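Here is the structure we will look at.
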Ligand SMILES: Cc1ncc(C[n+]2csc(CCOP(=O)(O)OP(=O)(O)O)c2C)c(N)n1
Ligand SMILES: [Mg+2]
């Protein structure tokens with residue numbers, strides 16, 4: 001309470017979420033959008049336990065977050081029973097650092113912020129005991145600045161040997177592919193990858209969290225690499241896989257499918273996953289390394305044809321039933337894309353629609369596709385969508401989710417309504433936890449606990465202060481979407497009752 005009081009005095013905007021996990025999703029989305037750590041303030045014990053899902057999301061997606069909670073006085077803590085929990089032990093597996101803030105507050109904050117943003121970034125937990133919250137700082141912010149505003153990033157460089165090594169790998173390959181992952185969150189690296197792809201005729205993919213880093217209409221942009229069935233049609237033919245900043249936190253869990261050698265380009269040495277069988281790793285300035293490799297002129301054009309990529313992408317649309325005349329989820333995704341501006345930001349929930357969004361949503365700008373990648377938790381898209389709209393009010397923001405996620409998190413729509421955030425939420429209303437129901441069916445198990453009531457989206461939305469629509473046709477979707485795009489200061493919720501007859505076929509096509 002002392003902290004909130006001081007924040008108000010300092011003019012720091014506090015957005016009250018309805019629940020702490022949602023607050024963490026908001027802060028993590030804001031962190032990724034802005035590049036600065038997100039800050040979440042929660043109450044002691046139950047505030048921390050409720051936040052756990054959101055902290056785990058930031059941990060697995062490597063997003064910098066400060067989670068600040070209160071704690072009983074040091075004198076009382078050992079004998080307090082009610083609402084006394086050891087937050088450090090609770091959060092230690094899902095944070096980079098936990099600390100008890102002392103009155104050397106500037107020094108502690110500097111360490112906390114640096115720890116949260118250092119590669120790979122992640123959450124830091126700060127506990128402020130009551131007596132510290134009431135005390136004055138014993139250090140001073142001139143000597144101990146919490147943020148080094150004049151810190152200069154000296155880019156790592158690459159060696160001539162690295163250029164020669166990468167060039168040689170490319171020169172010996174007749175069909176390489178490129179895959180860009182989430183550790184490259186830098187538009188310049190995306191452009192260097194695209195330049196390499198264009199210069200040497202190499203199909204280039206991004207993993208879902210790196211969507212938008214490659215120019216979306218480039219002839220060599222092969223779309224999304226999810227470690228799924230569809231793209232194996234192309235990648236199976238590759239004799240070299242060059243991955244840049246590849247992180248396995250946002251692809252299907254299936255084991256690595258390919259036998260071609262993997263060459264990894266990394267910004268630093270912090271990627272220790274060994275998920276893909278990497279034979280060679282080059283660490284340094286990926287952008288400069290790729291440009292130097294292309295400019296060396298020693299790697300010639302591959303044997304891929306542009307039609308290999310365009311045929312693959314056209315096949316994907318028919319595989320995922322994106323061009324059916326009726327209202328399928330895939331078709332609706334494409335319809336929403338066509339009806340929203342290029343710089344639209346999206347937040348995507350776990351569920352049957354998530355891989356469809358990964359493959360089909362065309363992100364036209366870097367850092368415009370948000371999801372709970374690593375944790376893949378339900379209940380993400382509403383709070384993340386609200387944070388994106390608050391962070392970038394001039395952009396259209398769309399949150400996509402199943403009805404299970406919607407029922408889990410609907411109360412956070414009230415935050416969008418209260419804050420005047422004109423987010424559009426698209427809900428796949430199918431009366432089921434479909435992603436689980438399909439798996440039960442495939443294993444010939446009983447379908448237990450996977451049915452939901454087909455609730456009215458209009459009524460749930462209006463209960464939380466938003467306009468809601470239930471749509472069953474493409475024309476109704478177009479109408480509701482146009483209203484949502486034009487309403488910039490209040491949320492709109494569109495319940496899409498899609499034709500799901502091909503759902504099991506699509507699931508098979510994705511995962512095999
Ligand atoms: C918090 C959380 N609980 C459970 C799951 C497991 N899970 C993944 S998808 C899914 C079903 C989602 O249902 P819905 O939101 O209606 O989407 P649908 O698959 O029906 O399109 C479940 C239960 C999860 N990812 N996150
Ligand atoms: Mg559902």
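Here the label points at residue 84 and residue 10, each 7 Å from Cα along the C-beta direction, are separated by 3.0 nm in the simple model.
Note on residue 489 and residue 447: their simple-model spin labels are 4.6 nm apart, each label 7 Å out from Cα toward Cβ. Note on residue 134 and residue 306: the extension gain reaches 55.4 nm, defined as 0.36 nm multiplied by sequence separation minus the Cα-Cα distance.
Residues 52, 485, 242, arranged from fewest to most other Cβ atoms within 10 angstrom of their Cβ, appear as 52, 485, 242.
Residues 373, 274, arranged from fewest to most other Cβ atoms within 10 angstrom of their Cβ, appear as 274, 373. Distance from the Cα centre of the range 466-512 to that of the range 372-403, in angstrom? Between the Cα centre of the range 466-512 and that of the range 372-403, the gap is 15 Å. With a simple spin-label model that places each label point 7 Å from the Cα along the Cα-to-Cβ direction, the separation between residue 364 and residue 458 comes to 3.2 nm. You can think of it this way: the chain between residue 256 and residue 34 has 76.6 nm of extra reach, that is 0.36 nm per residue less the Cα-Cα gap. Length available on full extension from residue 219 to residue 174: 0.36 nm per residue minus the Cα-Cα distance, which gives 14.4 nm. Across the chain, the mean sequence separation of Cα contacts (distance under 8 Å, 6 or more residues apart), normalised by length, yields a relative contact order of 13 percent. Rounded to the nearest 500, the helix-only mean residue ellipticity at 222 nm of the chain stands at -11000 deg cm²/dmol, with each DSSP H run of n ≥ 4 adding -39,500 (n - 2.57). A protection proxy built from the mean count of other Cβ atoms within 10 Å ranks the segments 400-406, 77-83, 111-117, most packed first, as 400-406, 111-117, 77-83. When both bridge partners sit in the range 374-512, DSSP labels roughly 5% of those beta bridges antiparallel.
When the label point is put 7 Å from the Cα of residue 436 along its Cα-to-beta-carbon vector, which residues of the range 9-53 have a backbone N closer than 19 Å? Hits in the range 9-53 for residue 436 at 19 Å: 53. With a Förster radius of 51 Å applied to the C-beta separation of residue 314 and residue 164, the computed FRET efficiency comes to 0.85. For the chain, the Kirkwood radius over C-alpha pairs fed into Stokes-Einstein at 25 °C and 0.890 mPa s yields D = 101 µm² per second.
Readers should treat all values here as calculations from the given coordinates under stated rules, not as data from a laboratory. This is a predicted model, so every value here is computed, not measured. All Cβ positions, glycine included, derive from the backbone under ideal geometry; neighbour counts span all protein chains shown.
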